[in-house]
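Have a look at the structure below, then the notes.
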Amino acid sequence: MRTQRAADIASGMFLCLLGIVVVLASLRIAGSPDVRLHPRTLPLILGWIIAAAGVILAAQAWRFRGEDRIIKWPDRAGMVRVCVTLLSLIVYLALMESLGLPLSTTLYIGFLMWYLGRYRLLWAAALGLVSGATVYIVFIRLLQLSFPAGPLAR
Amino acid sequence: MFFSWDYLLQGFSLAVSPANLFWALVGCLMGTLIGVLPGIGPSSGIAILLPLTTMVGPTPAIIMMAAIYYGAMYGGSTTAIVVNIPGEASSVPTCIDGYELAKQGRAGPALGIAAISSFVAGTLSLVGLTFFAPMLANVALAFGPPEYFALMFMSLSLVVSLSGRALLKGLIATALGLAASMVGQDPLTGGVRLTFGSEELMAGVNFISVIIGLFAIGEVLLNVEEAAAYIYEHKKLDWMPTWGDIRQSWGAMLRSTGIGFFLGLLPGCAPSVTTFVAYDVEKRVSKHPERFGKGAMEGVAAPEGANNATCSGGFVPLFAFGLPTGPALAVLLGGLMMYGLQPGPMLFKNNPQFVWTVIASMYIGNVILLVLNLPLVGMWARIALLPFPVLGPLIILFSVIGAYSIRFLAFDVWMALLFGVIGYLMRKLGFPMAPMVLATVLAQMLETSLQQSLLISRGSPLIFFTRPIAAAFMALALLSIIRGVWLEVRSRTLEVAEEDEA
């Protein structure tokens with residue numbers, strides 16, 4: 001998938017499969033006597049559109065013979081940075097309900113700032129703490145929004 | 001008589017009383033803050049502060065709540081322009097050119113134009129509210145489900161122009177956005193669909209999660225990949241718009257006022273729809289449409305103007321019929337009723353002093369917001385000077401807060417994360433994102449109005465072509481689609497011809 005042509009062929013095929021999945025899922029939608037349009041009609045049409053558009057995209061790319069564009073995918077280091085950022089975000093979200101938003105925010109912000117900026121650990125931890133405290137004071141105490149507070153709720 | 005100069009002047013004399021001025025100022029400040037902060041839209045902002053208003057009388061309370069509403073519209077553009085986070089769907093068109101301008105070191109002028117456009121549109125549409133409210137209020141009543149469907153269909157047809165030169169990919173993004181919005185429950189029957197047996201998916205995909213993911217998280221991932229030191233390459237920042245910027249945006253401000261105000265009269269036609277329409281119109285009338293998406297100042301002025309004009313337009317059916325055109329006005333209606341004020345024709349007859357003081361205070365509020373926002377432009381633009389390793393995690397934090405506070409469900413944050421990855425891939429693969437956003441915003445209303453229309457017509461789609469307003473919108477939609485396809489075919493033919501010549 002280094003070139004636009006290859007990427008379009010691959011994404012076209014993926015979209016075709018996705019469209020078929022949507023079509024199959026739509027066929028399982030139950031009907032309702034209260035409406036004129038069967039509840040499956042619109043998802044079914046969309047599924048067919050996605051599948052057909054995927055085929056057209058792949059076919060157009062297959063037939064394309066012009067100057068191809070090179071897609072700027074990340075190098076190895078860039079890919080590691082993206083994966084670490086995503087993984088840390090997944091851990092953050094997984095911990096959010098149990099640890100609460102302020103504590104998980106402290107850990108997440110502290111870690112990601114340290115990782116991305118190579119700041120001193122103490123500095124990153126301080127920034128994380130300030131972020132967590134701001135979330136707690138502004139959103140949970142002041143605005144009283146229903147964010148998970150974790151141990152700080154007690 | 002509905003309008004009287006005496007009532008209006010009396011309203012102004014009461015609105016400038018120290019107490020009313022103070023509450024208007026408080027509302028403007030809070031509104032701006034609510035607009036800037038992720039997660040608290042104007043409706044939840046007003047709802048949170050509603051109990052606090054009981055300590056003042058009905059007039060200052062409503063003055064404050066109205067100021068929060070239009071103040072939030074001023075503030076909403078800030079994060080969209082500076083860090084590419086549209087807090088509300090209405091700020092998405094602002095992101096398209098606003099963030100591009102910010103990347104060119106012009107965040108300050110873009111924020112300034114957003115504030116000036118908001119002021120111009122807010123004030124001009126207040127003139128409409130003052131003089132033509134009863135006449136215009138009837139427009140809202142002329143709209144039934146077929147007219148809404150046709151209007152939504154016309155709005156959806158804008159994806160053709162939003163797709164730029166990638167029409168097929170734009171249509172795919174639209175279909176994906178519509179399909180994603182159909183996950184969950186059928187809005188009319190409540191039947192479960194496309195959930196693949198998952199209970200979490202029954203909650204459905206909220207469009208705010210889609211927006212936050214595609215724009216904010218996707219953008220952060222792109223900067224993380226490049227190990228960016230700063231979010232913008234340009235470290236030099238302009239602070240204020242030049243006269244050239246204002247001259248360039250003047251027409252956009254006036255056109256967006258008209259579009260925002262008239263569409264704002266219709267219940268359900270929220271700023272999230274009108275801002276897209278205004279942006280598209282501006283692109284079409286521009287002599288240089290190719291600048292749109294690359295940092296056109298009119299691309300900021302148009303959605304920001306439409307945003308505020310829609311706000312003021314919404315007060316016409318609210319005051320005249322008690323008909324709220326959006327969630328924030330519904331909360332405001334609750335506030336009115338809490339004080340025993342029944343909106344409708346009798347409100348103007350029985351409580352003229354109240355109505356005209358609130359309207360007069362809105363003129364003053366717009367001036368307060370301009371005076372308040374222009375000096376803050378420099379401060380907001382300085383956010384860009386933060387190093388990316390600090391700013392990036394903070395953008396993700398605000399995205400998480402924004403997504404979680406939609407319904408206070410962790411599911412919405414997971415969806416934002418998923419769409420963040422999708423947004424990252426869409427940027428790489430050259431899929432336009434705005435059509436997907438527009439599709440997710442319009443999906444539910446489009447589907448509901450279609451179902452309701454077919455119930456009225458006993459299943460005949462001819463209903464969209466036999467009612468004049470609906471037929472006009474359908475014709476506009478079809479023209480827009482045909483024009484977009486023709487332009488695409490023509491540009492392809494030209495490309496082939498150029499290649500053959502070479």
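All of the numbers you see were taken from the coordinates with simple rules; none came from a lab. Note that this is a predicted model, so its numbers are computed, not measured. Using ideal geometry, Cβ is built from the backbone for each residue, glycine included, and neighbour counts are taken over all protein chains shown.
Inter-label distance, B:Met202 to A:Ile137: 4.2 nm, where each label sits 7 Å from its Cα along the C-beta direction.
Return A:Arg63, B:Arg165 ranked ascending by Cβ neighbour count within 10 Å, so the fewest neighbours appear first.
Working: A:Arg63 8, B:Arg165 14.
Neighbour counts put them in this order, fewest first: A:Arg63, B:Arg165.
Computed over the stretch B:264-376, the alpha-carbon pair-distance distribution with 10 angstrom bins reads 13, 34, 31, 16, 6, 0, each value a whole percent. For B:Gln342 and A:Arg63, the FRET efficiency from 1/(1 + (r/R0)^6), where r spans their Cβ atoms and R0 equals 60 Å, is about 0.35.
For the peptide A:12-18, the mean number of other protein chain Cβ atoms found within 10 angstrom of a residue's Cβ is 1. In order along the stretch B:392-406, phi translates into HN-Hα couplings of x, x, 5, 4, 5, 4, 5, 5, 5, 4, x, 5, 5, 7, 5 Hz, rounded to whole numbers, per the Karplus curve 6.51 cos²θ - 1.76 cosθ + 1.60 with θ = phi - 60° and x for Gly and Pro.
Summing +1 for each Lys or Arg and -1 for each Asp or Glu among the other residues whose beta-carbon sits under 11 angstrom from that of A:Gly12 gives +1.
Tally Lys and Arg at +1 and Asp and Glu at -1 over the other residues with C-beta under 10 Å from the C-beta of B:Gly76: what net charge comes out?
On the way: positive: none; negative: B:Glu88, B:Glu304.
After counting each charged neighbour, the total is -2.
Annotation: amide H of A:Gly100 within the under-5 Å range of A:Gly150, sequence separation 5 or more or interchain, hydrogens built in the peptide plane.
Across the stretch B:155-168, computed HN-Hα scalar couplings (Karplus, 6.51 cos²θ - 1.76 cosθ + 1.60, θ = phi - 60°) run 4, 5, 5, 5, 4, 4, 7, 5, 6, x, 8, 10, 4, 4 Hz from first to last residue, x flagging Gly and Pro.
Averaging sequence separations of C-alpha pairs under 8 Å and six or more residues apart, then dividing by the length of the stretch B:68-198, give the relative contact order as a whole percent. Could you put the intermediate results ahead of the total?
On the way: 74 pairs, mean separation 14.2, N = 131.
Relative contact order of the stretch B:68-198: 11 percent.
Averaged over the residues of peptide B:180-187, the number of Cβ atoms from other protein chains lying within 10 Å of each residue's Cβ is 3.
Across chain A, Cα pairs under 8 Å and at least six residues apart give a relative contact order of 21 percent. Mean sequence separation of contacting Cα pairs (under 8 Å, at least six apart), scaled by the length of chain B, corresponds to a relative contact order of 29 percent.
Inter-chain neighbour count for A:88-97: the average number of beta-carbon atoms from partner chains within 10 Å of each residue's beta-carbon is 4.
First check a/c for the stretch B:373-502, with a ≥ b ≥ c the square roots of the eigenvalues of its C-alpha gyration tensor; if it is under 1.5, answer rounded, and if not, answer prolate when a/b is larger than b/c or oblate otherwise. Verdict is oblate for the stretch B:373-502. Proximity of backbone amide H atoms, modeled 1.01 Å from N, is registered between B:Gly184 and B:Arg193, B:Thr195 at under 5 Å, excluding neighbours fewer than 5 places apart on the same chain.
Cα centroids of the stretch B:70-138 and the stretch B:258-318: 9 Å apart. Couplings 3J(HN,Hα) of the stretch B:446-459, computed from phi: 4, 5, 4, 5, 5, 4, 5, 4, 5, 5, 5, 8, 6, x Hz, in residue order, whole Hz [Karplus 6.51 cos²θ - 1.76 cosθ + 1.60, θ = phi - 60°; x for Gly and Pro].
In this label model, B:Ala330 and B:Trp250 are separated by 4.2 nm, measuring between points 7 Å along each Cα→Cβ vector. Across every pair of non-identical alpha carbons in the stretch B:139-197, the mean reciprocal distance, once inverted, gives a Kirkwood radius of 13.7 Å. By the Stokes-Einstein formula, at 1.002 mPa s and 20 °C, chain A with its Kirkwood radius over alpha-carbon pairs has D equal to 107 µm²/s. Between amide H atoms placed 1.01 Å from N, distances below 5 Å from B:Tyr230 occur with B:Phe388, all of them 5 or more places distant or on a separate chain. If one computes P(r) from the Cα atoms of chain B, what percent of pairs lie at distances over 29 Å? For chain B, the fraction of Cα-Cα distances above 29 Å is 49 percent.
For the stretch B:165-297, the square roots of the Cα gyration tensor eigenvalues, ordered a ≥ b ≥ c, give a/c of at least 1.5 with a/b no greater than b/c, which places it in the oblate category. Each peptide in B:11-23, A:43-55, B:69-81 receives the mean, over its residues, of other Cβ atoms within 10 Å, and ordering these scores from highest gives B:69-81, A:43-55, B:11-23. The charge dipole of chain B, taken about its Cα centre with unit charges on the Cβ of Lys, Arg, Asp and Glu (plus for the first two, minus for the last two), comes to roughly 540 debye.
Farthest towards the positive end of the charge dipole of the protein assembly as shown, among the residues B:Leu265, B:Ile359, A:Pro74, is the Cα of A:Pro74, using unit charges on the Cβ of Lys, Arg, Asp and Glu.
Rank these for me by crowding, A:Ser26, A:Ser32, B:Ser209, going from fewest to most other beta carbons within 10 Å.
Details: A:Ser26 23, A:Ser32 14, B:Ser209 28.
Exposure proxy ranking, most exposed first: A:Ser32, A:Ser26, B:Ser209.
Whole angstrom only: what separates the Cα centroid of the stretch B:212-233 from the Cα centroid of the stretch A:12-84? With the stretch B:212-233 and the stretch A:12-84 each reduced to a Cα centre, they are spaced 25 Å. At 27 angstrom or more along the helix axis (alpha-carbon based) and mean Kyte-Doolittle of 0.0 or higher, what helices does chain A contain? Whole DSSP H runs only. What comes out of the filter, once short or polar helices are dropped, is A:4-27, A:41-63, A:76-99.
Based only on Cα atoms, what mean projected area does the convex hull of the protein assembly as shown have, in nm²?
Numbers: hull surface 120.8 nm².
Value for the protein assembly as shown: 30.2 nm².
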